[in-house]
Amino acid sequence: MKEALDSYFMALRGKRVAVLGIGVSNRPLIRLLLSYGLSVVACDKTPRAELEDEVLALEATGAELRVGPDYLENLTADVVFRTPGMHPENPALVRLRQQGSRITSEMEAFFSLCPCDIIAVTGSDGKTTTTTLIAEILRQAGRTVWVGGNIGQPLLDRIPEMTASDLAVVELSSFQLMDMTHSPKVAVVTNLAPNHLDVHKDMAEYIHAKEQIYLHQRPGDRLVLNYDNEITRRFAEKAVGQVIYFSRQGQPSGGVWLEGDTIYAQGRAVMTRQDILLPGIHNVENYMAAICAVAGYASDEDIRAVARSFGGVEHRIELVRELQGVRYYNDSIASSPTRTMAGLHSFDQQVILIAGGYDKHISFAPLGPEIVQHVKRLILCGATADKIRAAVLAAPDYAPGRPELTEVQTLAEAVTEAKNAAKPGDVVLLSPACAAFDQFKNFMVRGQTFKTLVRDLKE
């Protein structure tokens, strides 16, 4: 499939190509562009003094670096590869578009060139676990699977290794989807709830971004939707391809549903909740979404085999350690209230919850009553501590001491506070309900820090 890749990049010869963002995900793209002898300007707000050696090596290979606070000022280019973290209506992108620049992205290029079927997953919660489950089931079925997008590795430079019989499974964020003009063979939307409103101008824009995952599908393609989520259920009205619903509250015709403890697909029993190693009802939903996605690609036996052996994705209700009868779980991926609510429902007891972080301007009102019901002690830290506390105090069933409330300044203090408060049989859960950017680079660094702190706790 190298011919398609060659044709795409050879068409860029003689043009000035700008890549916005020199993070890990864009570096393979920059190297690929340079390998075709193209004129590449790599742009990033990071000051030159803080650039990694790998980035400086790009300059030595032929890239022009534009870095620092003014990296977009007076930028000119014929083609611009937008980083997912930059809003398409960023003033610099608007100016470039008006000047005739073509705005695209690494993911847009991958969709246009990928030689095999693509299964793509988006949603507010459950994207990574569902993406991983789909990939694991397909591998169990003996398929060659490429995993990327918002999870795993960039895939554009791996196209020469792909064949038509392979499958690509990608996780897509709203930022990646905003200006996409391609859709996958199988599109999965796990759910939708307010999220990333610090970047999107409103909920309508966020929903519209998510819709791009299926609006460009063709007849014969498949759209998998959460029937229990009012927003996603309405997506069927615009669908071009086949719509398959999954539900734990109803029994959608031709779909996948939960009845008692049994998961059914088109009326046949596929597996039971007891087959699923991962805790929590939200993971039952993730499996139902995956079952819809792999139909025709894998068997029920493949699905059951993965369910009985798959222990979960790092930072997603990950058991870190049991110390003195207390279990410590890392759910750092929970960067929204709905994700934390799902985490709380994973346990059949009240937990000691560590929460708080960067403010994405999402209401914590729905989280307050859930904390009152499922948390025995709440330890708050981060920029949103006061807002979460207010939501708890405003909950109808709140009473002083239920839960006990503590506020600390750092995650290290929170872990120490949790250890001192915990008794044998307790669960300590890091599930922040917020992004990590107030104190950490991302949720992965936050989760790794939590795991280190917990592992360093003394007997």
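Between the beta carbons of Glu230 and Ala49, assuming R0 = 60 Å, the FRET efficiency works out to 0.75 to the nearest 0.05. Remark: spin-label model distance Thr181-Asp348 equals 5.4 nm, labels positioned 7 Å along the Cα→Cβ axis. A Förster radius of 22 Å combined with the Cβ-Cβ distance from Glu3 to Ser165 puts the calculated FRET efficiency at roughly 0.80.
Solvent-accessible surface of protein heavy atoms, probed at 1.4 angstrom with all chains present, puts Asp202, Asp386 in the order Asp386, Asp202, largest first. Where a ≥ b ≥ c are the square roots of the eigenvalues of the C-alpha gyration tensor, would you call the stretch 93-185 rounded, which needs a/c under 1.5, or, failing that, prolate if a/b is larger than b/c, or oblate? Verdict is oblate for the stretch 93-185. For the chain, the longest principal axis of the Cα atoms and the long axis of helix 281-294 meet at an angle of about 30 degrees. Length gained on full extension, Ala204 to Glu89: 39.9 nm, using 0.36 nm per residue less the C-alpha separation. Once you reduce the stretch 222-236 and the stretch 51-105 to the center of their Cα atoms, the two points are 36 Å from each other. When peptides 89-100, 432-443, 341-352 are sorted by average Cβ neighbour count within 10 Å, with the highest value leading, the order is 432-443, 341-352, 89-100. Backbone geometry of the stretch 421-426 corresponds, through the Karplus equation with coefficients 6.51, -1.76 and 1.60 at θ = phi - 60°, to 3J(HN,Hα) couplings of 8, 6, 10, x, x, 6 Hz, x marking Gly and Pro.
This model, with +1 at the C-beta of Lys and Arg and -1 at the C-beta of Asp and Glu, gives the stretch 403-455 a dipole about its Cα centre of some 340 debye. Centroid-to-centroid, using Cα positions, the stretch 410-459 and the stretch 148-194 are 31 Å apart. Once a ≥ b ≥ c are taken as the square roots of the eigenvalues of the Cα gyration tensor of the stretch 184-292, is the result rounded (a/c under 1.5), prolate (a/b larger than b/c) or oblate (a/b not larger than b/c)? Oblate shape, in that a/c is at least 1.5 and b/c is the bigger or equal ratio. Each residue of the stretch 209-221 was assigned a 3J(HN,Hα) from its phi angle through the Karplus curve 6.51 cos²θ - 1.76 cosθ + 1.60 (θ = phi - 60°); the sequence is 4, 5, 5, 5, 5, 10, 5, 10, 5, 10, x, x, 6 Hz, with glycine and proline shown as x. When the convex hull of its Cα atoms is viewed from all sides, the stretch 1-138 shows a mean projected area of 10.0 nm².
Net length available on complete extension from Glu64 to Thr452 is 135.8 nm, with 0.36 nm assigned per residue and the Cα-Cα distance removed.
Quick note on the stretch 327-390: its Rg to Rh ratio, both from C-alpha atoms and Rh being the Kirkwood radius, is 0.91.
Candidates Leu20, Pro184, Gly356 compared by Cα position along the dipole of the chain: farthest toward the positive end lies Pro184, with charges placed on Cβ. The label point for Met10 and the one for Met444, both projected 7 Å from the Cα toward the Cβ, are 3.6 nm apart. Report the far tail of the P(r) of the stretch 370-409, meaning the percent of Cα-Cα pairs longer than 13 Å. When every Cα pair of the stretch 370-409 is considered, 45 percent fall beyond 13 Å.
FRET efficiency for the Arg273 to Gln373 pair, using the beta carbon distance and R₀ = 25 Å, is estimated at 0.70. Placing +1 on each Lys and Arg Cβ and -1 on each Asp and Glu Cβ, with no other charges, gives the chain a dipole about its Cα centre of roughly 260 debye. A compact globular protein would have a Cα radius of gyration near 2.2 N^0.38 Å; the ratio found for the stretch 309-352 is 1.18. Just the protein heavy atoms count here, and of the accessible area of the stretch 369-459 at 1.4 Å, carbon and sulfur take up 52 percent. Relative to the current alpha-carbon distance between Val313 and Gln249, full extension at 0.36 nm per residue lengthens the span by 20.4 nm.
In this structure, the amide hydrogen of Val41, modeled 1.01 Å from its nitrogen in the peptide plane, lies closer than 5 angstrom to those of Val17, Ala18, Val19, Glu64, counting only residues at least 5 positions away or on a different chain. Across all directions, the shadow cast by the convex hull of the stretch 369-444 built on its C-alpha atoms averages 5.3 square nanometres.
In terms of the mean number of neighbouring beta-carbon atoms within 10 Å, the peptides 11-21, 354-364 order highest first as 354-364, 11-21.
For Thr144, nonlocal amide neighbours, meaning residues 5 or more places apart or on other chains whose placed amide H falls under 5 Å from its own, are Leu167. Can you classify the stretch 230-294 as rounded, prolate or oblate using the Cα gyration tensor, where a ≥ b ≥ c are the square roots of its eigenvalues, rounded means a/c under 1.5, and otherwise it's prolate if a/b beats b/c and oblate if not? Prolate, since a/c reaches 1.5 and a/b exceeds b/c. Taking 18 Å as the cut-off, the amide N atoms of the stretch 426-459 that come nearer than this to a point 7 Å along the Cα-to-beta-carbon line of Gln409 belong to 438-440. Each peptide in 69-79, 387-397 receives the mean, over its residues, of other Cβ atoms within 10 Å, and ordering these scores from highest gives 387-397, 69-79. Taking the Cα centre of the stretch 313-418 as reference, the dipole from Cβ charges on Lys and Arg (+1) and Asp and Glu (-1) amounts to some 120 debye.
The values are calculated or read from the model by the stated rules, or taken from the named source; none is laboratory data. Because the structure is predicted, anything quoted here is derived from the model rather than measured. Cβ atoms come from the backbone with ideal geometry, glycine included; neighbour counts cover every protein chain shown. The area values use the complete protein model at the heavy-atom level, side chains included, leaving out ligands, DNA and RNA. Shrake-Rupley method; radii C 1.70, N 1.55, O 1.52, S 1.80 Å.
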